[in-house]
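Step one of this worksheet: look at the structure below.
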Amino acid sequence: MAMLQWLTLIVFFITIAAVVVNKLDATVAALLGVAVMVWMGTMTEVEAAQFVDWNVMAILIGIWIIAGYFGRTGVPSWLSVQSLKLSGGKPGILILVLSMLTGLLSMFIDNVVCILMMAPVALPLARALGIPATPLVLMIGFSANFMGTALLLGDLPPQMLHSVAGAEFFDFIWQHGRPSSFPILMLTFIITLAFMYVYGFRRIGKPTTGGAASIKSDIPDPLFAFIAVGMFLLTVVAMAMRETLGVKLGFIALTGAVILVLTVEILGDKLKEAPSFEHIVQELDWRAVFFYIALFALVGGLEKTHILQMMADAMKPLFATNYALGATLLYWITIPIVGLVEHDAYILTFLYMIRDLGASGVPTWPLWWMVLWSGTLGSNLTVAGAPALYVALRIAEKEEDRKVSLREFLSWSLAFCLVSSLVCYVFGMLIWVLPYSN
């Protein structure tokens with residue numbers, strides 16, 4: 001490799017290492033890495049901006065704004081109380097139901113936002129049943145991080161697949177005559193939850209309904225809830241019909257957000273529980289937005305210097321000789337790496353690399369799916385792999401006023417990560433990889 005390629009690669013790895021070590025704020029580290037690449041000539045500042053997928057940024061901000069209003073409607077709290085009623089006061093069943101509910105919501109709402117919605121309203125239920133908060137909140141965190149990749153809207157990795165490969169909403173349900181992300185991850189999720197129930201949380205606490213009566217389940221402002229939920233559903237439907245509408249997903253998301261904001265502002269005092277737009281904007285995770293912007297630019301630097309193409313060329317003989325073995329190695333090597341390294345950067349890098357493999361005749365879609373799934377499932381191993389888990393861990397520690405040890409965390413995360421990864425691997429190989437291996 002040329003000197004500039006070596007320097008670019010070194011800057012990239014130092015930046016990712018800084019993010020993992022967490023001694024410097026991840027966003028600052030990523031932006032600093034981009035600045036260094038620009039100053040040393042890897043790319044110009046204009047090229048750095050061009051590498052960013054602003055459509056994906058618009059999706060994130062638009063959905064976050066809508067989710068901000070949705071979280072204030074009281075609907076998450078109402079759903080949690082219904083989960084308590086459905087569980088019959090059995091702690092293990094409650095954790096199972098809340099995990100499934102969180103997973104379903106996270107297909108449409110960013111995983112961190114989903115945790116911030118569900119964990120606080122689940123804590124009163126834990127208190128009412130007299131069960132520890134840590135297993136409940138951690139399962140909410142694992143579930144939110146897990147199912148975000150099932151559909152296009154829930155998390156950054158599927159949106160990056162839309163950016164790199166052009167995957168549309170319905171491609172995540174059925175593609176090329178076979179089930180894809182949603183059915184495979186949903187089946188994997190159900191099997192994993194069943195295992196976790198038998199493995200541990202069916203033995204947590206004892207059935208009781210004594211404290212449940214004190215928990216309110218009403219929605220304080222039905223009109224506001226109707227508007228927010230209705231606009232959320234309309235936006236999702238419009239995004240599913242993107243190809244028919246002929247506009248970008250980000251434009252649809254921002255349009256839905258703007259219409260919701262205008263509706264709330266126009267109605268004003270008639271909506272008693274509606275937050276101000278200023279409050280919603282202040283609650284947006286702008287640090288995450290700038291981190292994702294820098295992430296696209298950093299990977300763009302690898303693309304500009306042809307490092308990704310060189311990596312693809314080096315891997316081509318393996319996939320050409322034994323496609324199934326190559327996919328297996330890619331899948332299982334990814335899992336421990338993303339358990340320790342922030343998974344978004346890894347997934348984006350390998351999505352581009354697989355795209356370059358495709359230019360030399362290697363089938364790309366099975367590999368794209370396997371990287372997307374393993375990159376998501378493996379990130380549930382530690383808080384280093386998924387910031388969403390750090391949020392969940394902090395909520396649990398604050399509720400119980402203690403530090404959760406690494407051993408205790410791994411006693412839940414390791415089982416969840418390994419079982420989900422193994423089940424998804426079997427589905428992925430049978431449905432996607434092996435049919436392309438002939």
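The values are calculated or read from the model by the stated rules, or taken from the named source; none is laboratory data. On a predicted model such as this, the values are computed, not experimentally measured, just so you know. We place every Cβ from the backbone using ideal geometry, glycine too, and count neighbours over all the protein chains shown. For the accessible areas, the whole protein counts, side chains as well, though only heavy atoms, and no ligand, DNA or RNA atoms are used. Shrake-Rupley method; radii C 1.70, N 1.55, O 1.52, S 1.80 Å.
Based on the Cβ-Cβ distance of Asp313 and Gln5, what FRET efficiency does E = 1/(1 + (r/R0)^6) give at R0 = 22 Å, to the nearest 0.05?
Between Asp313 and Gln5 the formula returns 0.95.
Does a label point 7 Å from the Cα of Ile14, set along Cα-to-beta-carbon, have any residues of segment 301-317 with amide nitrogen under 16 Å, and which are they?
Flagged as within label range: 302.
If you put +1 on each Lys and Arg Cβ and -1 on each Asp and Glu Cβ, how big is the dipole of segment 279-356 around its Cα centre, in Debye rounded to 20?
Charge dipole, segment 279-356, about its Cα centre: 220 debye, nearest 20.
Mind giving me the FRET efficiency for His279 and Ile259? R0 is 22 Å, r the Cβ-Cβ distance, nearest 0.05 is fine.
Efficiency, rounded to the nearest 0.05: 0.75.
With r as the distance between the Cβ atoms of Met241 and Trp286 and R0 = 25 Å, compute the FRET efficiency 1/(1 + (r/R0)^6) and round to 0.05.
0.25
Where does each of 264-270, 411-417 land if you order them by average Cβ count within 10 Å, highest first?
Ranking the peptides 264-270, 411-417 by packing returns 411-417, 264-270.
Rolling a 1.4 angstrom probe over the protein chains, ignoring ligands and nucleic acids, what is the accessible area of Ile65 in square angstrom, nearest 10?
Its heavy atoms expose roughly 20 Å² to the probe.
Take the alpha-carbon centre of segment 101-159, take the same for segment 233-254, and report the distance between them in whole Å.
Using only Cα atoms to place each centre, the spacing works out to 25 Å.
Looking at segment 390-438, I'd like the Rg to Rh ratio, where Rg is from alpha-carbon atoms and Rh is Kirkwood's inverse mean 1/r.
1.30
Once a ≥ b ≥ c are taken as the square roots of the eigenvalues of the Cα gyration tensor of segment 127-203, is the result rounded (a/c under 1.5), prolate (a/b larger than b/c) or oblate (a/b not larger than b/c)?
Prolate shape, in that a/c is at least 1.5 and a/b is the bigger ratio.
Counting only protein heavy atoms and using a 1.4 Å probe, what share of the accessible area of segment 351-421 belongs to carbon plus sulfur, as a whole percent?
61
Using a 1.4 Å probe and counting only protein heavy atoms, arrange Trp6, Trp286 so the residue with the most accessible area comes first.
Trp6, Trp286
Would you mind putting 309-318, 351-360 in packing order, based on average other-beta-carbon counts within 10 Å, highest first?
Averaged packing, sorted descending, gives the order 351-360, 309-318.
What's log10 of I(q)/I(0) for segment 129-266 at q = 0.09, 0.17, 0.18 Å⁻¹, Debye sum over Cα points only, no solvent?
The calculated log intensity ratios at q = 0.09, 0.17, 0.18 Å⁻¹ are -0.44, -1.08, -1.12.
Sort Ile227, Ile95 by heavy-atom solvent-accessible area, probe 1.4 angstrom, most to least.
Ile227, Ile95
Taking square-rooted eigenvalues a ≥ b ≥ c of the alpha carbon gyration tensor, is segment 235-312 rounded, prolate or oblate, where a/c under 1.5 means rounded and, failing that, a/b exceeding b/c means prolate?
Here segment 235-312 falls in the oblate category.
Looking at Val28, Leu7, Leu94, which one has the Cα that reaches farthest to the positive end of the dipole of the chain (charges on Cβ: Lys, Arg +1; Asp, Glu -1)?
Projecting each Cα onto the dipole axis, the largest value belongs to Leu94.
Calculate how large, on average over all directions, the projected area of the Cα convex hull of segment 13-131 is; give the answer in nm² to one decimal.
Mean projected area for segment 13-131: 10.0 nm², to one decimal.
Can you work out D for segment 291-336 in µm² s⁻¹ from Stokes-Einstein, where Rh is the Kirkwood radius over C-alpha pairs, the temperature is 10 °C and the viscosity is 1.306 mPa s?
Calculated translational D: 130 µm²/s.
With labels modelled as points extended 7 Å from the Cα through the Cβ direction, what inter-label distance (nm, one decimal) is found for Ser437 paired with Ala415?
Rounded to a tenth, the inter-label distance reads 3.1 nm.
For a test of the definition: using alpha carbon positions, the gyration tensor, and the 1.5 limit on a/c, classify the chain as rounded, prolate or oblate.
Prolate shape, in that a/c is at least 1.5 and a/b is the bigger ratio.
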